[in-house]
Amino acid sequence: MKSLVASLALSFVLISTLPTRAAIYEKVSDLPMNSTYDFIVVGGDHQVGVLDAEVPWFAANLFLSQFDWNYTTVPQVGLGGRTVDIPRGRILGGSSSINFMIYTRAAREDYDRWANITGDQGWSWNSLEPYFKKSERLTPPADNHNTQCQLDPSVHGTNGLITTSLSGFPVPIDQNVLTAAEQLGGDFQFNLDVNTGNPLGIGWLQTIVDGTTGIRGSSANGYLAPQFLQRPNLNVLVNAEVSRLIQTSNGSVPTFRGVEFRQNEGGQLYYLNATKEVILSAGSIGSPHIMLNSGIGPATDLKAIGVEPIVNLTDVGENFADHSVMAHPFIVNSNNTFEKIRDPANIPGELDLWNKTHGGPLVDTIASMLGFFRVSENVTLNPDFAAGPNTPHFEHLIANGLIVPNNLVPQNASFFSMSTSVTSPVSRGTLKLASSDPFDAPLIDPALLKEESDRIVMREAIKHVLAFTNAPIWDGFIVAPSGGLQNATTDEKIDEYISAAASTFFHPTSTLSMSAKGAKNGVVDPDLKVKDIVGLRVVDASVFPFIPTGHTSSAVYAVAERAADIIKAEYCVSHH
C-alpha cells in the first residue's frame, strides 16, 4: 500500500479499486480490460531517460518545455501589471521532477498553526517530524567531503525514498559566506541545520539529490521506482490528462468516484471508476482546476462560466498563497563562477564527467548556502502572517553566479547573487476557470506582493542583502550591484525595482485548504476528505492551510506519508 504515497506532487489522479498486476501503460487500449486494480495512476510523460530531469544542474532546461504545463499568471497588481511564468511539471513526478531540488522543512511554528487551525494535532510539528524523516534518505555528497559541520544528521531520515544531500562540488564562495556571517553577527548567525524546525540564520543548503549517483530525487524516482512498479496492485497510465471528476451517486451527500480523461489533444474521452476513493494529487493548480470543472466550487462563479454547479464549496480555488522572489546579481572579480559552468564550451566535458563519475559541477543546484530571517523589531507589519516569533519573514539563497538569467547585466561578466523571498506572505490570490472547456488553462492569480506588508518585507530583505554584501570579506571580490539593483538607492527606487523584477518562487499552495471538521470555511477536513462529498480525497500542497516558510517539497512528502497512514488505518490495512 506504499503506492498511495506515489500520488505526491504528481499531476495525476490515483484511483483505488482491487488488485491484479503492475505495469506502466502508454495507452488506454493497453490496459487489460475487465480487470480491477488497487491503484491506477493517471499522469504525465515518463521521467526515465529525460536527461534534464536526471542531471540536477539542467533543471531550468525543463521550464517552458514539453514537460512543463507552461502556465502564465494573470497580470499581477503587485508587479506593476506584469504576468509571470509559473512552471509546473507535466511529467511523472510532477513539479518534483522539474524543480530546483531545495530541501527545507520550514518552521516548527508553521505546522503547529496547522494543527491549531484544523483541530488535529496530527498536523503539528511533533507529529509530522517522523514523517519528514520517514520520507527522507540522507546520502553522502557526490564528492564525499566531510559534512560534520554542515548539518545535524540526527534530524534526518536514512531509509526513506526521497534522497537528500549537500552540495557535491566545491563552491569557492562558501567560506566567504561563513566569514561574512561571523563578521556581521546578529541575525546572520550560523545555523548548523535549518531543518530542525528552527530555521533562522545562515546554513548549508540541502538538496533533493542522490549524492551516490548524482541524480535528482523526485517523487517518481522514489515512489514509482522499478521495485514498486513490480507490485501486482499498481498500474501507471502515462500521457493522460484529467478533465473532470464524475458524480457516481445522487444520495443526500453526492459521491464522486469517477474520473474522465483523455490521452491526446482533441481525442477520445475515457472513464475510470473507483470502488473506494479517488485521490486527487494534481497540485495546487491542477487539483482545484479539476474540481471546478467537475462542478465543485463556488456556485455563482461556476454558473457564470457555464459549468453546472453540483457542490457549492465556496473556497475551492481561494486562499492561493505563493512565495514571491527576486534574484539580486553583483558583478565580481572572479572567473570561477556559475558562468564558467554554463559556458556552452564546457558543458560537454562536465556532462561526460557526470556520466563517468556521478560527480562534477552538474550534481548541484542553483545555490549552495541559504538563510532565513525576520524583519527588525522596528519594522511594523500589519498584518504579520508569520506563525510565531521564530518563524522567518524572508529567505536568501546565496549563489556563486547568476541564479536566473537577467537581461540587465553586462555580457561576459562574472557574478555573485543573493535572492530574497517573502516566506510568510499576507497576499492571497485565486484560481478560477477561464471557460467551460476543461482543457483550457485556468486563470492563475497568486497575488504576488499585492499586500503592502509583503512589499515591506521584500524591501527590508533587499536592504538585508546589501548589508550582507558590505561585510569586509567581500572587499576586492564584489565589484558592484547590477541588474537594476544598482539603482535601488531609496525606498521609492527599491519599490520600482521590486515591481519590475519580482516573480514567483514556484511554490503555489493552499487552493483547497484544510480546515477543522465541520467548519464552514475550507475545502478538506483534517483527514483530507473533501467536505460535503463522498469518495474524494486530496493529497498535495493545495490542502496546506498556510504556506510553509520554506521550499514546499518536503512538506508535501510529509503530508503524503501521513495521508497514507490515515487511509490505511481507515481501510484496516497493515502499516507494514
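The table below lists the values:
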quantity: Interchain or long-range residues, amide H under 5 Å from Arg244's placed H; calculated: Glu260
quantity: In order through segment 460-472: 3J(HN,Hα) via Karplus (6.51 cos²θ - 1.76 cosθ + 1.60), integer Hz, x for Gly, Pro; calculated: 5, 5, 5, 4, 5, 4, 5, 5, 5, 6, 8, 4, x
quantity: Relative compactness, segment 53-129, computed as alpha-carbon Rg over 2.2 N^0.38 Å; calculated: 1.49
quantity: Rg/Rh (Cα only; Kirkwood hydrodynamic radius) as it applies to segment 332-383; calculated: 1.30
quantity: Rg and Dmax [Cα atoms of segment 352-449; Å; Rg one decimal, Dmax integer]; calculated: 19.7, 54
quantity: Viscosity 1.306 mPa s, temperature 10 °C, Stokes-Einstein D of the chain from Kirkwood C-alpha radius, µm²/s; calculated: 66 µm²/s
quantity: Where GluC sites (Glu not before Pro) fall in DSSP loop in segment 261-357, at most 16 other Cβ within 10 Å; calculated: Glu265
quantity: Residue-wise HN-Hα coupling along segment 521-528, computed from phi with Karplus coefficients 6.51, -1.76, 1.60 (Hz; x: Gly, Pro); calculated: 8, x, 10, 10, 7, x, 8, 6
quantity: Descending principal axes extents, segment 91-226, alpha-carbon based, whole Å; calculated: 44, 39, 26
quantity: Cβ charges +1 (Lys, Arg) and -1 (Asp, Glu), total dipole of segment 341-394, debye; calculated: 60 debye
quantity: Amide proton proximity set for Met369, modelled H, under 5 Å, gap of 5+; calculated: Leu205, Ile398
quantity: Fraction of accessible area attributable to carbon and sulfur, the chain (%, probe 1.4 Å); calculated: 51 percent
quantity: Positive-end extreme of charge dipole, segment 161-315 - chosen from Ile208, Pro172, Leu229 (charges on Cβ); calculated: Leu229
quantity: Leu229-Asn264 FRET efficiency (beta carbon distance; Förster radius 25 Å; 0.05 resolution); calculated: 0.55
quantity: Calculated log₁₀ intensity ratio I(q)/I(0) where the Debye formula runs over C-alpha points of segment 489-576, q = 0.19, 0.25 Å⁻¹; calculated: -0.89, -1.21
quantity: Under the Karplus curve 6.51 cos²θ - 1.76 cosθ + 1.60, θ = phi - 60°, whole-Hz ³J(HN,Hα) for segment 193-209, x wherever Gly or Pro sits; calculated: 8, 6, 9, 8, x, 10, x, 5, x, 9, x, 7, 7, 9, 10, 8, 9
quantity: Cα-Cα over 32 Å, subset of Lys134/Lys463; Lys134/Lys529; Lys432/Lys517; Lys340/Lys450; calculated: Lys134/Lys463; Lys340/Lys450
quantity: Simple Cβ-charge dipole of segment 348-477, Lys/Arg +1 and Asp/Glu -1, about Cα centre, in debye nearest 20; calculated: 140 debye
quantity: Dipole moment magnitude, nearest 20 debye, the chain about Cα centre, only Lys, Arg, Asp, Glu C-beta charged; calculated: 1160 debye
quantity: log₁₀ of I(q)/I(0) at q = 0.18, 0.20, 0.22 Å⁻¹ - segment 31-173, Debye sum with one point per alpha carbon; calculated: -1.23, -1.22, -1.23
quantity: Spatially proximal aspartates and glutamates relative to Lys303 (Cα-Cα < 18 Å; intrachain offsets below 8 disregarded); calculated: Asp315, Glu318, Asp437, Asp440
quantity: Signed unit charges on C-beta, dipole axis of the chain, positive-most listed residue Gln150, Ala220, Thr163; calculated: Ala220
quantity: Accessible solvent surface per residue of the chain, calculated while the other protein chains remain in place, 1.4 angstrom probe, Å²; calculated: 37 Å²
quantity: Largest-first principal axis extents of the Cα set of segment 397-531 (Å); calculated: 61, 33, 28
quantity: Residue-span extension gain [Phe477 to Asp532] - 0.36 nm each, minus C-alpha spacing; calculated: 13.8 nm
quantity: Solvent-accessible surface (1.4 angstrom probe) belonging to His507, in square angstrom, nearest 10; calculated: 20 Å²
quantity: Selected from Ser453, Phe416, His393, residue furthest toward positive end of dipole (segment 374-518; charges at beta carbon); calculated: His393
quantity: Label-point separation, Gln121 to Asn412 (7 Å along Cα→Cβ), nm; calculated: 6.6 nm
quantity: For segment 240-372, fraction of C-alpha pairs farther apart than 23 Å, in %; calculated: 59 percent
quantity: Cα-based Rg of segment 292-345 normalised by 2.2 N^0.38 Å, two decimals; calculated: 2.37
quantity: Å³ per residue enclosed by the Cα convex hull of segment 84-129; calculated: 134 Å³
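The values are calculated or read from the model by the stated rules, or taken from the named source; none is laboratory data. All figures in this text were calculated on a predicted structure; none of them were measured in a lab. As a convention, Cβ positions derive from the backbone with ideal geometry for all residues, glycine included, and neighbour counts pool all protein chains shown. To get the accessible areas, we keep the full protein, side chains included, count just its heavy atoms, and leave off ligands, DNA and RNA. Shrake-Rupley method; radii C 1.70, N 1.55, O 1.52, S 1.80 Å.
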